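The values are calculated or read from the model by the stated rules, or taken from the named source; none is laboratory data. Quick caveat, the model's predicted, so the values are computed rather than measured. Positions of Cβ are generated from backbone atoms using ideal geometry, with glycine treated the same way; all protein chains shown enter the neighbour counts.
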Amino acid sequence: MQLRPVSRRQRRSHVRRMATAAATALAVVSLAAACAGDDLADDQDSDSADVPVTLASQNFPEAALVTAMYSEVLDDAGYEVTTKLVGTRAVYMEQFPGEVDIVPEYIAGISDYLNTSVNGPDAEPITTNDPAESIDAAASLLEAQGITLLEPSAATSQNAYFVTTEYAESEGLTNLSDLEGTSVVLAAAPDCEGRDDCERGLSEVYGIEISKLLPLGFGSPETYKAVVDGEAQLGQTGTLDGTLESQGLVLLNDDRGIQPAQNLVPAVSTEFLEANPEVQDLLESLMAELDNETLAGLIAQVSVDRAKPEDVAEDFLESAGLIS
């Protein structure tokens, strides 16, 4: 697991909070001296100490960016934030809840993961294209796991599959169904195998033979390269990927709808949320500021312009008035 270094924003925020705390402490001492008989202990704020919180997510650009937003918002509110970025959902879910308190998630991603974890890999999917229906369907699984999903964002990031523009034009490809009956090598995330929104859905719903699955990552440089170089014909990324055109790549439409609702949603340890209820307003305010157009533009700054996720997150949150 990768522990994210403390950002410049965190350092400045920490210094600001230390200064504020010092000023507050001085004021309390002065008040106590002026008001003999007051109990100093009663005047102290027992909640003023920073609360540690651990975030975890995957390490592809979109997830890293959204995680950086969570981190900045929580840091600005006074939390001591640790971030873990890992390769797959399965890695951090082993520690959530527990060592991990909050995860920037996707509705169907976490819901279907819990479903197959509890009911087996062949369990029927419980999610649909409707966000509210999907959350309701997963309610008992989430409650049993001790996880609360907050209000989701309008921004939705579904799996998507791309080919080279040259291949699409030569074969007349615009939809995934245009690949029906063909055999392809697929470059995708390591957890693609057997998933209804990935390998199994492409095979069973679209009739595409996956001759080989290359576990090169979700929207990773290695996945792009494999398709560009012809090592794979089909690659996996997200619907918000703004890098494809510049690489000579194009998305194929999911015309048979194997992708469920994947709205961004904060997943929080129920125990942590009960102890820190203000977290709900902080994260739901962030979700309300995100839509597909906004998020796609921010992701492009990271993926295309090579800006640091932490810097992009900080600039956006300051302009949106979510951090000071």
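Among the residues of region 234-256, is there at least one that is basic (Lys, Arg) and touching a residue at least 40 places away in the same chain (Cβ under 8 Å)? Within region 234-256, one or more residues are basic (Lys, Arg) and touching a residue at least 40 places away in the same chain (Cβ under 8 Å). Counting only helices (runs of 4 or more DSSP H) that sit wholly inside region 213-324, those with at least 3 residues that are outside the structural domain of Ser203 (by TED's automatic domain parsing) and at pLDDT 95 or above are 270-275, 278-288, 309-319.
If you go through region 169-206 and keep only what is surrounded by fewer than 20 Cβ atoms within 10 Å (Cβ to Cβ), of a type in the set (Gly, Ala, Ser) and either part of a loop (DSSP other than H, G, I, E, B) or modelled with pLDDT under 95 (or both), you end up with Gly172, Gly181, Gly194. Within region 119-138, identify whether any single residue is under 29 Å from Asp315 (Cα atoms), surrounded by fewer than 20 Cβ atoms within 10 Å (Cβ to Cβ) and outside the structural domain of Pro221 (by TED's automatic domain parsing), and answer yes or no. Within region 119-138, none of the residues are under 29 Å from Asp315 (Cα atoms), surrounded by fewer than 20 Cβ atoms within 10 Å (Cβ to Cβ) and outside the structural domain of Pro221 (by TED's automatic domain parsing).
Note on region 254-304: among residues that are small (Gly, Ala, Ser) and surrounded by 15 or more Cβ atoms within 10 Å (Cβ to Cβ), the one that is nearest to Ala139 (Cα to Cα) is Ala267. Restricting attention to region 87-139, which residues are out of contact with any Asp or Glu (no Cβ under 7 Å at 6 or more places or on another chain), of a type in the set (Ser, Thr, Tyr) and assigned to a loop (DSSP other than H, G, I, E, B)? Thr128, the sole residue that qualifies. Quick one: in region 73-96, of everything that is among the hydroxyl-bearing types (Ser, Thr, Tyr) and farther than 13 Å from Gln58 by Cα, which residue is surrounded by the most Cβ atoms within 10 Å (Cβ to Cβ)? Only one residue fits best here, namely Tyr79.
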